[in-house]
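Enquirer: Once you've had a glance at the structure underneath, I'll fire off some questions.
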Amino acid sequence: MNIDEIIGFLGNLDGVLAISPGPDDGSPEISWGDTFFYYSPGGVAPGATQPFATIVTKNYPGDASSRLDRPDTFRVNIAAGKEAFVARTGHAPREPGVDDDPGVTDTVIAHPVYGSAGWLAVVNPGPRTGTATRELLHAAYRLARSRHERRTG
């Protein structure tokens, strides 16, 4: 899977808003080139809602362990929910688990920073994780949609 395939996959789901910050939109420079996915059927970026998935293309302060400074390396971050997190990691989000190498590619792992919040991550999803990544992204989408529907009635 590449970045465009992931953006296309999520972009085909009803109500998904993909935001890719750049130099002309007033967003912080650190976010340029990354993509943030929200469930927003109105097409407006929600003010008080976190994205349900992101694609990051570079190291962020305090988050360099995935080594995204390698050529052609990116990480998909997914808020797929506690059930999916436990199924993929074998432990609850706030419980200690195996210390995965956050830079390993094509492997579903607990997010190196937000794993305790139930986020999963995949660096350069490929043949081993393409199907799992799509399933997890769809699960995150369903959860985001459900939260939105509960809030808006």
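Enquirer: Taking segment 45-75, which residues are touching a residue at least 24 places away in the same chain (Cβ under 8 Å), touching a Lys or Arg at 6+ places or on another chain (Cβ under 8 Å) and either farther than 22 Å from Leu136 by Cα or of a type in the set (Gly, Ala, Ser) (or both)?
Expert: If the condition is that a residue be touching a residue at least 24 places away in the same chain (Cβ under 8 Å), touching a Lys or Arg at 6+ places or on another chain (Cβ under 8 Å) and either farther than 22 Å from Leu136 by Cα or of a type in the set (Gly, Ala, Ser) (or both), then Ser66 is the only one that fits.
Enquirer: If you scan segment 58-69, which residues turn out to be part of a loop (DSSP other than H, G, I, E, B) and either among the basic types (Lys, Arg) or within 30 Å of Ser146 (Cα to Cα) (or both)? Working first, answer last.
Expert: Just the residues of segment 58-69 that are part of a loop (DSSP other than H, G, I, E, B), to begin with: 58-59, 61-62, 64-69.
Passing the criteria: Lys58, Arg67.
Enquirer: I need every pair where a residue in segment 76-99 that is hydroxyl-bearing (Ser, Thr, Tyr) has its Cβ under 8 Å from the Cβ of a residue that is open to solvent by 20 Å² or more (accessible area, probe 1.4 Å), sequence separation at least 6 or different chains.
Expert: Going by the 8 Å Cβ cut-off, the qualifying pairs are Thr89/Gly97; Thr89/Val98; Thr89/Ala110.
Enquirer: While we're here: Let me spell it out: the conditions are (1) within 18 Å of Glu135 (Cα to Cα); (2) open to solvent by 30 Å² or more (accessible area, probe 1.4 Å); (3) assigned to a helix (DSSP H, G or I), and Asp14 meets all of them except one. Which number is the exception?
Expert: Against the list (1) within 18 Å of Glu135 (Cα to Cα); (2) open to solvent by 30 Å² or more (accessible area, probe 1.4 Å); (3) assigned to a helix (DSSP H, G or I), Asp14 comes up short only on (3).
Enquirer: Considering only segment 50-64, how many residues are among the small types (Gly, Ala, Ser) and farther than 11 Å from Val76 by Cα?
Expert: Result for segment 50-64: 2.
Enquirer: Among the residues of segment 70-100, what is the count of those that are out of contact with any helix residue (DSSP H, G or I) (no Cβ under 8 Å at 6 or more places or on another chain), open to solvent by less than 30 Å² (accessible area, probe 1.4 Å) and part of a loop (DSSP other than H, G, I, E, B)?
Expert: Matching residues across segment 70-100 total 2.
Enquirer: Within segment 111-128, restricting attention to residues that are more than 14 Å from the chain's Cα centre (by Cα) and without any contact (Cβ under 8 Å) to a residue 60 or more places away in the chain, which residue is most open to solvent (accessible area, probe 1.4 Å)? I'd like the intermediate steps shown before the answer.
Expert: Of all residues in segment 111-128, those more than 14 Å from the chain's Cα centre (by Cα) come to 116, 126-128.
In the following step, the residues that additionally are without any contact (Cβ under 8 Å) to a residue 60 or more places away in the chain were identified as 116, 127-128.
On the way: Ser116: 60, Pro127: 136, Arg128: 166 Å².
Ranking the candidates gives Arg128 first.
Enquirer: Can you find, within segment 138-153, the residue that is most open to solvent (accessible area, probe 1.4 Å) among those that are part of a helix (DSSP H, G or I) and more than 14 Å from Val16 (Cα to Cα)?
Expert: Ranking the candidates gives Arg150 first.
Enquirer: Yes or no: segment 38-57 includes at least one residue that is exposed (fewer than 13 other Cβ atoms within 10 Å of the Cβ), at pLDDT below 95 and on the phi > 0 side of the Ramachandran plot.
Expert: yes
The values are calculated or read from the model by the stated rules, or taken from the named source; none is laboratory data. Since we're looking at a predicted model, the values are computed, not measured. Virtual Cβ from ideal backbone geometry, glycine too; neighbours counted across all protein chains shown. SASA here: full protein model, heavy atoms, side chains in, ligands and nucleic acids out. Shrake-Rupley method; radii C 1.70, N 1.55, O 1.52, S 1.80 Å.
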